[in-house]
Structures are given as C-alpha cells and as structure tokens.
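Working notes, structure below.
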Amino acid sequence: MGSSVLYMSMSLDGFIAGPGDEPANPGGDGFMRLHDWFIGPDGEFGNVEGPARDVIEEMSNFGAIVAGRNTVEQVDHWGGERNGVQIFVPSHRPPAPSVAKYPKVTYVTDGIASAMAQAKEAAGDRRVMVHGAYTAQTALEAGVLDELQIHQIPVLFGNGRRLFDVLPERIELDILQVVDTPEATHIRYCVRR
C-alpha cells in the first residue's frame with residue numbers, strides 16, 4: 001500500500017494562504033506567489049525544467065486524494081476528478097447536492113482515519129495526495145499522515161492561513177530529501193512513529 005503525503009507550498013513564516021482567504025478569493029491575497037515555482041516560462045502550470053520538474057513528476061504520481069472540504073469547495077472538487085483518481089473529503093457535514101454529479105468524489109463523515117483508509121485502498125501501491133491545513137493537522141493527530149512534501153517559498157507573508165497553526169503535541173520528522181531551486185526549497189519529511 002502506498003504512503004500518504006501532504007503536498008503544500010508554504011511561505012517561510014508558515015502561511016499557505018494569504019489574508020482574505022474565502023470562496024470569493026481562493027487562497028487569499030498574494031496566494032499565487034506560493035506557486036510561482038510551478039509555472040514555466042510560457043505561463044503553463046507544471047511546465048518547468050530542472051530539479052523542479054523532477055519534484056512535479058514525483059508529486060503527480062498519486063492514486064487518490066484526501067482533501068479538506070474548504071480546499072475542494074474552492075476548486076469545485078477539481079471538476080469531479082483530478083488525474084482520473086478518487087477524491088475523499090473528510091467532513092462532519094454531508095456534501096451539497098451538486099456533488100452528486102461527481103461520482104469520483106466521496107464525502108467521508110466518520111473521520112480522517114476512515115477517509116485515509118479508503119483513499120489508500122483506492123490508491124493501491126501509489127501515493128495518496130493530501131491537501132488542506134486542517135486535514136493535515138487532523139491526519140497528523142490521528143497518526144495517518146506518513147510524509148510531508150513542503151515547497152518552502154522564499155517569502156514572508158506576515159499573515160493569512162498557517163499550515164500548522166494548532167497541533168495537539170510535538171511531532172518529530174525525519175528529512176528524506178531536499179531539492180533546492182532558486183524559486184523554492186522542496187523538503188520531504190517522514191513522520192517519525
């Protein structure tokens with residue numbers, strides 16, 4: 001079975017979204033600065049060269065997604081699928097009726113551990129891509145997040161939404177890989193058990 005990996009771009013001071021993050025302004029003010037590393041010279045997402053290209057290719061090899069409700073609703077559930085894989089959304093509330101048009105999207109109301117187990121089953125030997133600050137924090141707390149791939153961006157946001165704002169206890173990590181580029185430092189961590 002594949003591992004679960006949080007993939008997030010983050011400012012040096014720990015923000016994954018700028019101020020004003022709301023449905024009308026997804027990611028908040030200045031959000032795209034966190035993703036400049038992912039945009040090629042032609043303006044296309046993912047069309048980059050060098051070490052960043054290797055990071056993107058590795059990142060793209062996922063078999064399922066676990067993403068928070070806020071994340072998926074802001075991107076309209078990626079149109080019902082992303083790379084053809086199933087999307088699992090841990091939530092205490094049932095989905096809006098419009099989600100019924102997306103058969104690959106499953107809202108899981110019995111907790112993050114259940115959502116992750118279902119995603120790992122769907123992913124087989126491929127990775128489960130994890131998105132969302134609250135989802136990452138609850139997955140860490142439940143012991144079901146295996147790795148973190150943080151794309152550390154050389155910018156200080158000063159405010160916005162932090163990735164690890166509230167954790168119940170200290171969590172130790174081991175560094176697995178560091179890929180340094182002019183636009184970002186990509187650090188892959190394993191959650192120490």
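The values are calculated or read from the model by the stated rules, or taken from the named source; none is laboratory data. Note that this is a predicted model, so its numbers are computed, not measured. Cβ coordinates were reconstructed from backbone atoms using ideal geometry, including for glycine residues, and neighbour counts include every protein chain displayed.
Cβ-Cβ distances below 8 Å connect the following pairs, each with a first residue in the stretch 165-193 that is closer than 19 Å to residue 155 by Cβ, a second residue that is modelled with pLDDT of 95 or more and surrounded by fewer than 10 Cβ atoms within 10 Å (Cβ to Cβ), and a separation of six or more residues or different chains: 187/175.
What tally of residues in the stretch 4-52 results from selecting those that are in a loop (DSSP other than H, G, I, E, B) and in contact with a Leu (Cβ under 7 Å, 6 or more places away or on another chain)?
Kept after step one, since they are in a loop (DSSP other than H, G, I, E, B), are these residues of the stretch 4-52: 12-14, 18-21, 23-24, 26-30, 40-44, 46-50.
Filter once more, so that each one left must be in contact with a Leu (Cβ under 7 Å, 6 or more places away or on another chain): 12-14.
So the answer is 3.
Put simply, of 158, 143 the only residue that is closer than 20 Å to residue 29 by Cβ and surrounded by fewer than 15 Cβ atoms within 10 Å (Cβ to Cβ) is 158. Would you mind stating whether residue 173 is under 13 Å from the mean Cα position of the chain (by Cα) and either under 27 Å from residue 37 (Cβ atoms) or among the acidic types (Asp, Glu) (or both)? It is false that residue 173 is under 13 Å from the mean Cα position of the chain (by Cα) and either under 27 Å from residue 37 (Cβ atoms) or among the acidic types (Asp, Glu) (or both). For the subset of the stretch 49-71 comprising residues that are of a type in the set (A, V, I, L, M) and buried (at least 20 other Cβ atoms within 10 Å of the Cβ), which member is farthest from residue 126 (Cα to Cα)? Within the stretch 49-71, the match that is farthest from residue 126 (Cα to Cα) is 52.
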